[in-house]
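First comes the structure, then the notes that go with it.
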Amino acid sequence: LSRTYQNSNVELALIDSLWSPVMYFGVASGTVILLFIGLDDVMNGAVTLGTLVAFQRYISKMIWPVTALGLGLSQYKKGMAAFDRIKAVLLEKPDVEFRGGSDTMEFSGLTVRDLNFTYPGSAEPALRNVNLQLQPGEKIGITGPVGSGKSTLLHLLLGFYHLPPGQITVNDRDLFDWDEEKLRALFTLIPQDVFLFSDTVRANIRYALPENHPPQVAGEIDLAEHILDRVQILDEMRALPGGLEATLGERGINLSGGQKQRLALARGLVRPTSLILMDDVLSAVDFKTEEKILNELARMKTSCLIVSHRIAALKHCDRILVLNGGRVEALGR
């Protein structure tokens, strides 16, 4: 594939390199032909010298319009090829459909009942007969080996994949009977794969907030500094050149793994929601810092589902769900 791509680019470069010489050769040829044909007419008095010069200038002035036409056609073809790919994405129909209206939702409970799920194209189920109930303000930890279905469960709660009716209900109502926008507003997903934008620290934290959201909290306390302090990273961000106005590299390339995770956690906690889903967001954080963050989370009244491979990270939870091979192996303290 790489060789084919290289050969195609070389062929395109060859054609592009011939464009200007061919154009100028055509113009020069036109001037030569004009002199050979028109010179006799000037000598015979059939046309004036001014007419001959005017024709020569007309030929010269045709260079740019014809060149622009060729370049325009080239860009048009490239644009149409790109638009075909964009159009395919824009016209793609969602795999899931939410059937509800624009209800105002206030979280009163979540129930997972006999949940079974198999990824499209897979032979083995990712989850089998999972049952779970989450009450307002309750914190449930989810643990288990790699591939046991922890992240899959979080994604299903957000309606990323279609499910039969009744397997997941919110406020005793099927997940897909709610309005999609209102339902998603209830949740905050803090994913394992952290994505930070090439923007300032402050802008990354405020990403999920409306533009008119006040920059202060509880009077004169800066909102960004307040949330950074809660996730134990304020001093590290202040130490950057420019502080909270420092621009991060794409995906936060100029930060460590632990710093990126804590910034993602700050971005999730700054948004007021009813249920926070945390997918192993402290795996790159040292134990001492993790303990401080967990103590902060324990004081929150928001419902939480916390995925972690570290049992110590789940000790503040009200209950712990252990998944193994897609099945519930244990559920309790």
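State the number of residues belonging to the range 34-49 that are touching a helix residue (DSSP H, G or I) at 6+ places or on another chain (Cβ under 9 Å) and either open to solvent by 100 Å² or more (accessible area, probe 1.4 Å) or under 28 Å from P21 (Cβ atoms) (or both).
Matching residues across the range 34-49 total 5.
Go through the range 271-280 and give me each residue that's open to solvent by less than 30 Å² (accessible area, probe 1.4 Å), touching a Pro at 6+ places or on another chain (Cβ under 8 Å) and either more than 19 Å from R184 (Cβ to Cβ) or not charged (D, E, K, R) (or both).
Selection gives nothing.
What do you reckon, is T67 assigned to a helix (DSSP H, G or I), polar (S, T, N, Q) and open to solvent by less than 80 Å² (accessible area, probe 1.4 Å)?
Yes; evaluated as a whole, the condition is true for this residue.
Name every residue in the range 243-258 that is touching a residue at least 24 places away in the same chain (Cβ under 8 Å) and assigned to a loop (DSSP other than H, G, I, E, B), in order of residue number.
A246, L248, G249, L255, S256
Can S74 be described as of a type in the set (G, A, S), within 30 Å of S151 (Cβ to Cβ) and open to solvent by 40 Å² or more (accessible area, probe 1.4 Å)?
no
Being in contact (Cβ under 8 Å) with a residue 24 or more places away in the chain, out of contact with any Asp or Glu (no Cβ under 8 Å at 6 or more places or on another chain) and among the small types (G, A, S), is that true of even one residue in the range 266-279?
Taking every residue of the range 266-279 in turn, at least one turns out to be in contact (Cβ under 8 Å) with a residue 24 or more places away in the chain, out of contact with any Asp or Glu (no Cβ under 8 Å at 6 or more places or on another chain) and among the small types (G, A, S).
Return a yes/no flag: does the range 235-245 have any residue that is open to solvent by less than 30 Å² (accessible area, probe 1.4 Å), under 25 Å from the mean Cα position of the chain (by Cα), of a type in the set (A, V, I, L, M, F, W, C) and closer than 30 Å to H155 by Cα.
No: the range 235-245 contains no residue that is open to solvent by less than 30 Å² (accessible area, probe 1.4 Å), under 25 Å from the mean Cα position of the chain (by Cα), of a type in the set (A, V, I, L, M, F, W, C) and closer than 30 Å to H155 by Cα.
How many residues are exposed (fewer than 11 other Cβ atoms within 10 Å of the Cβ) and not charged (D, E, K, R) when one looks only at the range 50-64?
Summing the residues that are exposed (fewer than 11 other Cβ atoms within 10 Å of the Cβ) and not charged (D, E, K, R) in the range 50-64 gives 2.
Any residue at all in the range 317-328 that is under 29 Å from the mean Cα position of the chain (by Cα) and either farther than 20 Å from L153 by Cβ or among the basic types (K, R) (or both)?
no
Give me the residue from the range 259-281 that is out of contact with any helix residue (DSSP H, G or I) (no Cβ under 9 Å at 6 or more places or on another chain) and outside any loop (DSSP other than H, G, I, E, B) and, out of that set, farthest from D222 (Cα to Cα).
Q261
Which of the residues that make up the range 282-300 are assigned to a loop (DSSP other than H, G, I, E, B) and open to solvent by 10 Å² or more (accessible area, probe 1.4 Å)?
L282, S283, A284, D286, R299, M300
Return the residue satisfying two criteria in turn: it lies in the range 301-312 and is outside any strand (DSSP E or B) and surrounded by 13 or more Cβ atoms within 10 Å (Cβ to Cβ), and of such residues it is farthest from the chain's Cα centre (by Cα).
R310
Condition first: out of contact with any Phe, Trp or Tyr (no Cβ under 8 Å at 6 or more places or on another chain) and modelled with pLDDT of 80 or more. Now tell me which residues in the range 273-286 satisfy that.
M278, D279, D280, V281
Only one residue in E106, E124, E138 is over 29 Å from the mean Cα position of the chain (by Cα) and among the acidic types (D, E), so which one is that?
One residue alone meets the criteria, E138.
Within the range 246-270, can you find the residues that are open to solvent by 60 Å² or more (accessible area, probe 1.4 Å) and touching a Ser or Thr at 6+ places or on another chain (Cβ under 6 Å)?
Residues satisfying the conditions are T247, E250.
Scanning for something touching a strand residue (DSSP E or B) at 6+ places or on another chain (Cβ under 7 Å), assigned to a loop (DSSP other than H, G, I, E, B) and either modelled with pLDDT under 90 or open to solvent by less than 10 Å² (accessible area, probe 1.4 Å) (or both), does the range 94-108 turn up at least one residue?
Scanning the range 94-108, I find at least one residue that is touching a strand residue (DSSP E or B) at 6+ places or on another chain (Cβ under 7 Å), assigned to a loop (DSSP other than H, G, I, E, B) and either modelled with pLDDT under 90 or open to solvent by less than 10 Å² (accessible area, probe 1.4 Å) (or both), so the answer is yes.
The values are calculated or read from the model by the stated rules, or taken from the named source; none is laboratory data. It should be emphasised that the depicted structure is a prediction, and the values quoted were computed from it without experimental measurement. Note: ideal-geometry Cβ built from the backbone for every residue, glycine included; neighbour counts use all protein chains shown. Ligands, DNA and RNA are stripped out before the accessible areas are found, and what is left, the full protein with its side chains, is counted by its heavy atoms. Shrake-Rupley method; radii C 1.70, N 1.55, O 1.52, S 1.80 Å.
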